[in-house]
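Worksheet for the structure shown next.
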């Protein structure tokens, strides 16, 4: 109890210390503040507004890759003063990369990776889901889709959709050793029982994928790739979401996320790799220059046009995005101040060109 009190006090103090903001040319400077750094490594965020409050979730652990991942949930009424509402952990397991959604019956849902120590295999790596009616008390993580990572979920007309990725025997291999690498779209009516909708015909080790539903009912997919030229892909499909049209993007993605605003524009966030040194084979040679960027996905090819670079460096990105009261709210993590910590940015959008 004493430890939890100290953590809460530390978080409250941090929430009142704005971080130095940065912006690209022509874009208003965002308001940025650190909201959590209680653990050694705090990363992989998501953000949602639910029942009149803000909720932010992320992974706490000893490092980016370690076997002690726990899910932290923070909450705030005003977006400035944050407190811990839950810490979810399973002994001997690494809970990774939690993502929010809201179920049709108004429960908060988290989907995450669930890994046991050792190499990633079908038995050691699974996806899990958990639910809450108040954001503080959560169900025990329930395993779904063994051997595949269900990375993010979006609900549409009472049905959850999400993309899971991995190879037949697990998630540990790289080209050309993984000819059976699969990236599939699944659906579920309850978040627990999932059925295959379609296989995404994306080459080059596709992995982290966000799908959203546009106002016209089409599904848009933003896909990270770690093989080939590593450039991101954007896919679009009409109901029943079995036939896809794909476009290679002008940016490489890392921790991709996007939302559609009320005016129809599409705002996305990702890690920016463009400043990294490149080896002769076209691959990035390091990661210290990476930044977290926000921009527009512009039809018809859904090219990415960044307009804000958030204060960030090194280990960073994985933004959560919420549009509220004419402002874009962004959760993300970064190590630019020395410790990998959680940040919240309020971004005023520049006028579209």
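Which ones in the range 328-353 are within 21 Å of residue 210 (Cβ to Cβ) and at pLDDT 95 or above? Give the derivation first.
From the range 328-353, those within 21 Å of residue 210 (Cβ to Cβ) are 328-334, 342-345, 347, 349; that's our starting set.
Scanning the range 328-353 gives 328, 329, 330, 331, 332, 333, 334, 342, 343, 344, 345, 347.
In the range 202-224, the residue that is modelled with the lowest pLDDT out of those that are assigned to a loop (DSSP other than H, G, I, E, B) and closer than 19 Å to residue 150 by Cβ is 205. Among the residues in the range 225-232, are any over 14 Å from residue 246 (Cα atoms), more than 16 Å from the chain's Cα centre (by Cα) and modelled with pLDDT of 95 or more? No, because not a single residue in the range 225-232 is over 14 Å from residue 246 (Cα atoms), more than 16 Å from the chain's Cα centre (by Cα) and modelled with pLDDT of 95 or more. Scanning the range 341-353 for residues that are buried (at least 19 other Cβ atoms within 10 Å of the Cβ) and assigned to a strand (DSSP E or B) yields 341, 342, 343, 344, 345, 347.
If I ask for residues that are part of a strand (DSSP E or B) and surrounded by fewer than 24 Cβ atoms within 10 Å (Cβ to Cβ), which ones from the range 326-340 would you list?
Within the range 326-340, the first condition is being part of a strand (DSSP E or B), and the residues that meet it are 327-334.
Selection gives 327, 328, 329.
Condition first: within 18 Å of the chain's Cα centre (by Cα) and at positive phi. Can you find one or more residues in the range 75-83 that meet it? No, the range 75-83 has no match at all.
Sort out which residues of the range 123-165 are touching a residue at least 24 places away in the same chain (Cβ under 8 Å), over 13 Å from residue 110 (Cβ atoms) and not in a loop (DSSP other than H, G, I, E, B), and write them in order of number. Of everything in the range 123-165, those that are touching a residue at least 24 places away in the same chain (Cβ under 8 Å), over 13 Å from residue 110 (Cβ atoms) and not in a loop (DSSP other than H, G, I, E, B) turn out to be 125, 143, 149, 154, 155, 156, 159, 161, 163, 164, 165.
Residue-by-condition table, conditions (1) without any contact (Cβ under 8 Å) to a residue 60 or more places away in the chain; (2) exposed (fewer than 15 other Cβ atoms within 10 Å of the Cβ); (3) within 19 Å of residue 155 (Cβ to Cβ); (4) in contact with a strand residue (DSSP E or B) (Cβ under 7 Å, 6 or more places away or on another chain):
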residue: 70; (1), (2), (3), (4): yes, no, no, yes
residue: 77; (1), (2), (3), (4): yes, yes, no, yes
residue: 84; (1), (2), (3), (4): no, no, no, yes
residue: 89; (1), (2), (3), (4): yes, no, no, yes
residue: 95; (1), (2), (3), (4): yes, no, no, yes
residue: 104; (1), (2), (3), (4): yes, yes, yes, yes
residue: 107; (1), (2), (3), (4): yes, no, yes, yes
residue: 112; (1), (2), (3), (4): yes, no, yes, yes
residue: 116; (1), (2), (3), (4): yes, no, no, no
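Would you please name the residue that is nearest to residue 165 (Cα to Cα), looking only at residues in the range 94-122 that are under 20 Å from the mean Cα position of the chain (by Cα) and assigned to a loop (DSSP other than H, G, I, E, B)?
Start the filter on the range 94-122 by keeping residues that are under 20 Å from the mean Cα position of the chain (by Cα), which leaves 94-103, 107-115.
Next, only the ones that are assigned to a loop (DSSP other than H, G, I, E, B) stay: 103, 107.
Values: 103: 23, 107: 26 Å.
Going through the qualifying residues, I end up with 103.
The values are calculated or read from the model by the stated rules, or taken from the named source; none is laboratory data. All figures in this text were calculated on a predicted structure; none of them were measured in a lab. Cβ sites come from the backbone with ideal geometry, for glycine too, and all protein chains shown count toward neighbours.
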